[in-house]
Structure formats: structure tokens, C-alpha cells
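Notes to accompany the following structure.
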Amino acid sequence: MTQARADRVIDGRDMEPPEPFVQTMEALDTIKPGQKVLLLLGREPIPLYRALELNGYSWQTERTAEGTVEVLMWHKQS
Amino acid sequence: MQALLSFDQSPPLDAPFRFFLTAPLFAILAGFFLLWSGPELFASRWTPAALALTHLIAAGFMLQAMLGALVQIMPVVAGANMGRPMRVARIVHAAITLGALLLVAAFLSFLPLLFKLSVVFLGAGLAIFVGCAAQALSGLASTSPTIQGLKYALVGLSVTVVLGVLLAGSLGWSLDFPLMQLSNIHLSWGFVAWGTVLLAAVGHVVVPMFQLTPAYPDWFSRRFSFSTLAVAALWTLAELCTWEVPSDLLGTALVAHAALFAGVTLHIQRRSKRARFDATQYYWRGAMISALAASAVWLLARTVTNVGEWPAWPLLCGILVLFGGFMSVIIGMLYKIVPFLLWLHLQNQGRGRMPAPNMKKIISERDMDHQMLAHLGSCTLLLLAVFWPAVFVYPAGIALMVANGWLMRNLLSALSVHRNHLLKIEQMIGNPAQ
């Protein structure tokens, strides 16, 4: 459901840290206001939340029945 | 990348690193100690030298690495922020370092004053740590096996410390406690209820994350830490009340818990998506196999008379647990935690204008692989020293010093990469990098 609302999807489930983090921040750099980035992970990315807050992004987290954590992120002003 | 990657949940680098850099020094000291004490150390688990060696590793190497990792992992993995982390780290590190050295000196001299001082320093340092960690975790709901496991591990650590204080205190103040019985309870809580529960709590995050394995199975995650603590508590009760049969059954169940963790970890590791194992994965695999071997030796000693009567079986078990198990898995984790923390710090300092070096360049794979072979050699020689102490104790001592000297070198070279990169950032940005 969340995937349909995202402009960029990063599937970090098979990536070793810090790759999902790096790719997410790079993707957030490139999106326009109103666009959204979705990160898929097998765990809750607690450090990412603080980085998002500091850099002016909003986010919404959902956990799917299979255990995947979906983090949808966008610019706060949009 | 323009975004600022500031993780203000992370304590300053100095907080975990003072523990990480002290851990190998205790293991190097243990190597020297093997050379100094010679084959007599292997006469029995109760020789002063064997007790001193055990505590150089358990209260020295292991405790330093485990507390250092907790200082770092609690905020980042569980969102549990310890108040004033630098101050806590400084006080706890100084107290446990001094306390562990005093305890080793106490075992070698049997001077009551040294036991008393070790009780004061180790007891106070660990009480402060447990208090601060419990406060950080207290506001968090146990929504994940990691948070739940960290809470139970702190209970395990507290019981281990209280029993340790009673034991050392009884030697210091000549109190009349059943020392052998309390020692068995102390080490079981230390290895299983504290060590294994903490390892499982952290493993739930770091094994799937760094080794690209599936998650631990749900039936295991939901019950493991509570079940381990409950069995440890019931076994302790049975042991103190000298209920022989329940004590035997519950003791076996406790060892089975540790073996189960090892078995489940090996099972999910076999399904790793990584094409080629790295040093961390080999270290974890070796540690889990060693834990299973230790459990098998323990079980054999309980069931086969010849093995049970062999005085060296506890030493064999101890070496498998301490060196093959905990030391291996700790080094394997340091090889992920240390480069990750340094990468994170450099990424922050670069402020989007200079990217941090690739994490894999912070400690080279070659250096980690070579150090791992040295560690494997030291474990093999230590095991051989149980059977032929006069022949193998000296090579084992030298090998332990080499392996941990190499570990220290690898950690220092990572810090050197970090320092050089900070200088480059300073030159480029022209502002202080700290």
C-alpha cells in the first residue's frame, strides 16, 4: 500500500549497513517537494529517524505482516 | 550527499572506544600470565592461576567489550539514551579496569585486602552501570526481543555481580559462604543469564543486519530471554536447597538454552544471502560451534563417569566457552561495530562536503582474516594445553598475545584512518573537526 505512494523505493533488506542509510539520504537529496522516498528494511532504523528530523524530513513507519519495516519519507514543507 | 547525518543518540566516540581498546590489553595480559604460571595452571579449575586467568578474560576482556558495546548499542538500536554517557563511561571504565586487576592480584596472593578492594571497585562500577542502563531502558516498552533481552541481560549481570561480590567478599572478610556452590551459580549466571542473553539480544539485530540472514524465528525471539532467566532462577533455587534431581534437570535445561541459541544462530547463518563469508561470519560460526562443543562436554561429564571424573573437563569446557565462544564472537562484532562507528563520525564531520571512506577500508579484510587465523591458532593451542599442559601452555600464551596484539593493531589502524580523514576534512572545510 505504501509502495504505491512513493516516487523512489529503496529495498534495503539485502544491504549491509550503512548502505541503506547512504542510499536513503542520497535519494532524499534528489527528490522534489511533494515527492516521497520509501525505504524497506528488516528492522526499525532508529538512527535514521533522528537524521531525518535534523535534516527537515517527515516520515511514517509501517510494519507489514511479513515483518518488513516500511519508512515513507518526504520534505517537511511539502 | 548534502544531508547532515548527525546521530545525536550516539554517545561521543570516546565512550565506547575506551572499553574496546582496553579489552585486548586484558587478553594480552592473559597471554603473559600463561607464560608466567606455566603448566601448573591446568592442574584444576580451582588453582589460583586458573581463577586469575578466567577473570582476566571474563571480568577483563569480556566485560570491557560488552559494556562498551552496550554504551553504544542501547541508544542506536533500542533508542535508550543513557544520561551523561561520557561521565558514566569514564567512571565505570576506570572502576572495572582497576577492579578486575585487583581481583586477579587477589587470586594470586590471597590477600584479603585485595579481595575487599576488588569488591569495592568492581561492585561500585557495575552498580553504577546497571543503574544508568536500567534508567535508560526503564521508559521503553519491551516491543522487540532486543529491548526485552537487554532488560533481562541487566538482571543477569546484576545477579552475577551480587554473587561475585559475595564470593570475593567472603574471601576478603573471612565469611562462611559455600564457596564452591556459589561459584557454580555465579559462573552459570555470568555465562548464560548475562552473557548469552545479552548476545542473543544484540544478535537479533546484528546477525540479520550484518550477515544478511533471515530474522531469528519468532518462537525463539519471543521466549528465549525470559525462559533463560526463569530456568536460571529455578535452577539456583534447586541448587541452594540441594534438591538433587530438580537441580540436575534444570541445570541441563539451562545449558540447553545456550546450546539452542548457538544452534538457531548456525541455522539462520546457513541461509545468509552473502556470497562469501567475511571474518565476522566466521567468528560467529566458530563461536557457536565452540558453544555447542562446550555444552556437549558438560553433558558428557554429567552422564559418562570417566569424563565426569577427569579433573580437566571443567578447564576444557571453560576454554571452549571463554576463548572459543565469547572471545570469538566479541572480536567478530568489534570488526563491524568499530568501522561503522568511525564511518558514522566521519560522515557527520564531513557535513556533506567530504564523504566518509568506504566502511570496508577502515579495517582491511586482509588484516581481519589474518588476525582471525591467529585467534584460531591460540584457541587450538589452549585446547591442546588442557591435554598436554607442559608442551602447549607456552605456545598457547604466545599465540594469545599475538592474536590480541594483532586485534589491538587492527583497532588502532582503524583509529588512524579516522584521524587522517578528520585532518583532510579540517583542511577542506577549514573548521575544527571535533
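Any read-out appearing in this document is the output of simple, stated calculations on the displayed coordinates, not a laboratory observation. Here the structure is a predicted model, which means the values were calculated and not measured. Backbone-built Cβ (ideal geometry, glycine too); neighbour counts: all protein chains shown.
Tabulated results
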quantity: For region B:14-429: relative contact order, % (alpha-carbon pairs under 8 angstrom, 6 or more apart); calculated: 18
quantity: Total charge dipole magnitude, the protein assembly as shown, about the Cα centre, Cβ charges on Lys, Arg, Asp, Glu only, Debye to nearest 20; calculated: 980
quantity: Shape metrics for region A:3-70, restricted to C-alpha atoms - Rg then Dmax, Å; calculated: 11.3, 31
quantity: DSSP-assigned coil residues among trypsin sites (Lys or Arg not before Pro) in region B:328-434, each with at most 12 further Cβ atoms within 10 Å; calculated: B:R353
quantity: Where Cα atoms sit under 27 Å apart: lysine pairs in the protein assembly as shown separated by 8 or more or lying on different chains; calculated: 11
quantity: Alpha-carbon Rg/Rh ratio, for region B:82-167, with Rh computed the Kirkwood way; calculated: 1.06
quantity: Scaled radius of gyration (Cα, divided by 2.2 N^0.38 Å) that region B:303-434 gives; calculated: 1.47
quantity: ³J(HN,Hα) computed for each position of region B:241-249 - Karplus, 6.51 cos²θ - 1.76 cosθ + 1.60, integer Hz, glycine/proline x; calculated: 8, 6, 8, 4, 5, x, 5, 4, 5
quantity: Rg/Rg_globular for region B:8-92, with Rg_globular taken as 2.2 N^0.38 Å and Rg from C-alpha atoms; calculated: 1.37
quantity: Extent along principal axes [Cα atoms of region B:259-347; Å; largest to smallest]; calculated: 59, 26, 17
quantity: Centroid-to-centroid separation of region B:173-188 and region B:355-434 [C-alpha atoms, Å]; calculated: 37
quantity: Between helix B:112-138 and chain B: long-axis angle, C-alpha atoms, 0 to 90°, nearest 10; calculated: 50
quantity: Globularity ratio of region B:207-286, using Cα Rg and 2.2 N^0.38 Å; calculated: 1.40
quantity: 13 Å beta-carbon shell around A:Q23, net charge (K/R +1, D/E -1); calculated: -4
quantity: Cα gyration tensor category, rounded, prolate or oblate, for region B:14-429 with a/c compared to 1.5; calculated: rounded
quantity: Euclidean distance between Cα centres, region B:249-269 to region A:16-30, Å; calculated: 37
quantity: For the protein assembly as shown, convex hull of alpha carbons as volume per residue, Å³; calculated: 144
